[in-house]
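Everything below concerns the one structure shown next.
The values are calculated or read from the model by the stated rules, or taken from the named source; none is laboratory data. Just so you know, these numbers come straight off a predicted model, no measurement behind them. FYI the Cβ positions are ideal-geometry reconstructions off the backbone, even for glycines, and counts take in every protein chain you see. Each accessible area value is taken on the protein alone, full model and side chains, heavy atoms only, with ligands, DNA and RNA left out. Shrake-Rupley method; radii C 1.70, N 1.55, O 1.52, S 1.80 Å.
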Amino acid sequence: MNKILFIFLFSATSLFAQKFVQPILGAKSTKIIKSANLEFKDLNKNGKLDKYEDWRLPADVRAKDLLSKMTMEEKVGFMLISTTRMANDGGFGPSANPNAPISSGFNEEDLVQNVNMFTRKPLSEPNMSASGTTKAVTERQLRHFILRANTSAKTMAEWSNNLQALCETTRLGIPAIVASNPRNHITTDAAVGLSVGATAFSKWPGELGMAAMRDFKLTREFAEIAAKEWTAVGLRKGYMYMADLATEPRWNRTEGTFGEDADLSSAMIREIVLGFQGNKLGKNSVAMTTKHFPGGGPQEGGQDSHFDWGKFAHYPGGNFNDHVKPFIAAINAGTSSIMPYYSAPKGKEFEEVGFSFNKAIIDDLLRKKLGFKGIINSDTGPIEMMPWGVESLSIEQRYVKAIEAGVDIFSGAADPTVLLNTVKKGLVKESRINESVSRLLKEKFELGLFENPFVDVEKAEKIVGNSEFQQKGDLALRKSIVLLRNDEKLLPITKKTKVYFEYYKEDGGGRGPQAQAPKSPIKVLKPDTKAENIEFVSTKEEADVVLLWLFPTTGGLFSSGGKPIELSISKNKVDVSHVNDLINSKPTIVVINYTNPWVIDEIDKGKAATILATFGTSVDALIDVISGRFNPTGKMPFATPSSEKAVSENKSDLPGSKENPGYALFNFGQGLSY
């Protein structure tokens, strides 16, 4: 017997000899086919069972079959992922009905930008950053979307079902996959592309706070809980988490990292990936996109590579390999995608072009040396907005260079015209396009989206943010708090004590003609509390103890104008004279919320005898710690510099714990308990 025929017959016999469990099929308009007493979806409406419709077959077999049926237009559309907007969503542009709430309908307007939304400079060519939804699916063949809207679980679930129903009506019935940035963390810089901020989902510490817990079991539980919430509303891909090391204290994306230490970050990333995805992708998984390879932390001067003044990563401490470690952990845990950063490497043996264009970084290091077989997903806009090192190339040439480097899917563009023309001109081989589309299809098959992309709206409302999940989140919020200094033994508060609680966070008054005068950053809080020894009072004069919670802020990543970055809290929207007046007036518990490793020597003159660190937590959690209802266990996820001089002399690729002696006021891993 012919050997190939024998293998085929053996495989077919093995397939039909197996006992299969019928998956639940979700369909709105697609007919169901019956075969061997089992049911399948007739996605291409031809009345027969095709291989890609056969859930019994391996994902790679199904992907190969579907790929053979796709047109070049469908393949190229598959290689773009862009923002999608819900009805009345004015997050990226003016809403047609600005007074109406976001609803589960589609936003049908194309959003074309002539200005780089990050640098605010004119673009060389207009860029469609979001497509009207129906055109995106039916004309532009897009199937990958990023949802940025912040709305209720019910509305998100209904919208997701509407999107998948639209996809089902198309020629091949290929479902969509919807990605999001983090939605479960208390964060200061909740900006597009970073974090959605406070949502209907369960609330947990910021990523730095998660690392401060040093609780890997609870980290895994967080990821498993968040995965249940995400899948309930139809979010099946995470643009997260950051495996970058926070080794440059001035970098304005530190808040989204797990700190400065390669081993701690590796352990955190492992638990996050396994918690969201499981041991392998399946119908209950959220596919992770680990970012930003090979580590966005060591930015020159702390400037970020969203901007041309921050385009370079550098390695003055020779510590490149440590920055790659957490990505190795992600690969070993099975992360579905990896996202390169915008930065170009400076002073290394690599070509000085952005990492998405860098063959030595993606193909040689990530693919060949580290063995990553998943999806390479570009960050938002390297082709149109951040083409560092390839500015002289045309848009077509940039696509070619990035594809040859190894990128599979491009974020930030919703119009496939240029990429399609690039392929049709023969500048990129179809075989290379097929390679990328195969990876993208395989992910969708493994997630079970071809069988059932629809969600139960009522179930979503019950799952998202439920009290059982929040109880775990509340524990994490408490475990994330770090006690740094307790010299006068003010803590825990064990005797009847009157406390004046000042929450100090600058709001700002906005910009433009409608801007209002800035409000006072001071809010006096008198929260209800179960801490029986604490009575909150309205003035410091009434108080025995002052509780001062400071929220220094740079203004956020996207407020950057390229000026040198300073970390002294007086340079980051805190009135130091006010702080020192309080400290000198009464025994004071100083609580500092860290989004960067702030320099606090302006208040640290021996007067600040009681200091705690937070990284995104709740008022209740803080009160539980200061009252002794919860014994603090958190440890610092990074070192804090002792002075601005220490900051300016730091080596951007080295963690603070490995800088010169005298660098750190509070070191990595520092933290007291009662």
Subject >> Cβ pairs under 6 Å, 6+ apart, first in segment 252-267 and more than 11 Å from residue 327 (Cα to Cα), second part of a loop (DSSP other than H, G, I, E, B) and among the charged types (D, E, K, R) >> reply: 252/304; 255/189; 257/244
Subject >> Residue among 338, 272, 328 that alone is in a helix (DSSP H, G or I), within 27 Å of residue 233 (Cα to Cα) and within 20 Å of the chain's Cα centre (by Cα) >> reply: 272
Subject >> Only listed residue being of a type in the set (A, V, I, L, M, F, W, C) and assigned to a helix (DSSP H, G or I), chosen from 211, 246 >> reply: 211
Original post:
Quick one: what pairs do we get from segment 137-150, first residue at pLDDT below 95 and part of a loop (DSSP other than H, G, I, E, B), second surrounded by fewer than 20 Cβ atoms within 10 Å (Cβ to Cβ) and not aliphatic (A, V, I, L, M), C-beta under 8 Å, 6+ apart or different chains?
Top reply: 148/91; 148/92; 149/91; 150/197
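Here is a yes/no grid of residues against (1) under 30 Å from residue 645 (Cβ atoms); (2) out of contact with any Ser or Thr (no Cβ under 9 Å at 6 or more places or on another chain):
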| position | (1), (2) |
| --- | --- |
| 278 | no, no |
| 292 | yes, no |
| 297 | yes, no |
| 303 | yes, no |
| 312 | yes, no |
| 318 | yes, yes |
| 327 | no, no |
| 346 | yes, yes |
| 349 | no, yes |
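Among 38, 66, 43, 57, which is the only one that is closer than 27 Å to residue 430 by Cβ, open to solvent by 20 Å² or more (accessible area, probe 1.4 Å), aliphatic (A, V, I, L, M) and modelled with pLDDT of 95 or more? Lay out the reasoning, then the answer.
Working: 38 fails: closer than 27 Å to residue 430 by Cβ; 66 fails: open to solvent by 20 Å² or more (accessible area, probe 1.4 Å); 43 fails: open to solvent by 20 Å² or more (accessible area, probe 1.4 Å).
Testing whether each residue is closer than 27 Å to residue 430 by Cβ, open to solvent by 20 Å² or more (accessible area, probe 1.4 Å), aliphatic (A, V, I, L, M) and modelled with pLDDT of 95 or more leaves just 57.
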**OP:** Might you check whether a residue that is crowded, with 24+ Cβ neighbours inside 10 Å, farther than 26 Å from residue 558 by Cα and under 15 Å from the mean Cα position of the chain (by Cα) occurs anywhere in segment 291-309?
**Re:** no
Original post:
How about segment 560-593: which of its residues are surrounded by fewer than 21 Cβ atoms within 10 Å (Cβ to Cβ) and in contact with a helix residue (DSSP H, G or I) (Cβ under 8 Å, 6 or more places away or on another chain)?
Top reply: 560, 562, 564, 566, 568, 570, 576
**OP:** Answer yes or no: is there a residue in segment 609-618 that is at pLDDT 95 or above, touching a Gly at 6+ places or on another chain (Cβ under 8 Å), of a type in the set (Gly, Ala, Ser) and at positive phi.
**Re:** yes
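For residues that are of a type in the set (A, V, I, L, M, F, W, C), part of a loop (DSSP other than H, G, I, E, B) and surrounded by 23 or more Cβ atoms within 10 Å (Cβ to Cβ), tally how many sit in segment 604-622.
Residues of segment 604-622 that are of a type in the set (A, V, I, L, M, F, W, C), as a first pass: 608-609, 611-613, 615, 619, 621-622.
Still in the list and also part of a loop (DSSP other than H, G, I, E, B): 608-609, 615.
Subset that is surrounded by 23 or more Cβ atoms within 10 Å (Cβ to Cβ): 615.
Looking only at that region, the number is 1.
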**OP:** Restrict the check to segment 211-221 and report whether at least one residue is over 26 Å from residue 283 (Cα atoms), in contact with a strand residue (DSSP E or B) (Cβ under 8 Å, 6 or more places away or on another chain) and not hydroxyl-bearing (Ser, Thr, Tyr).
**Re:** yes
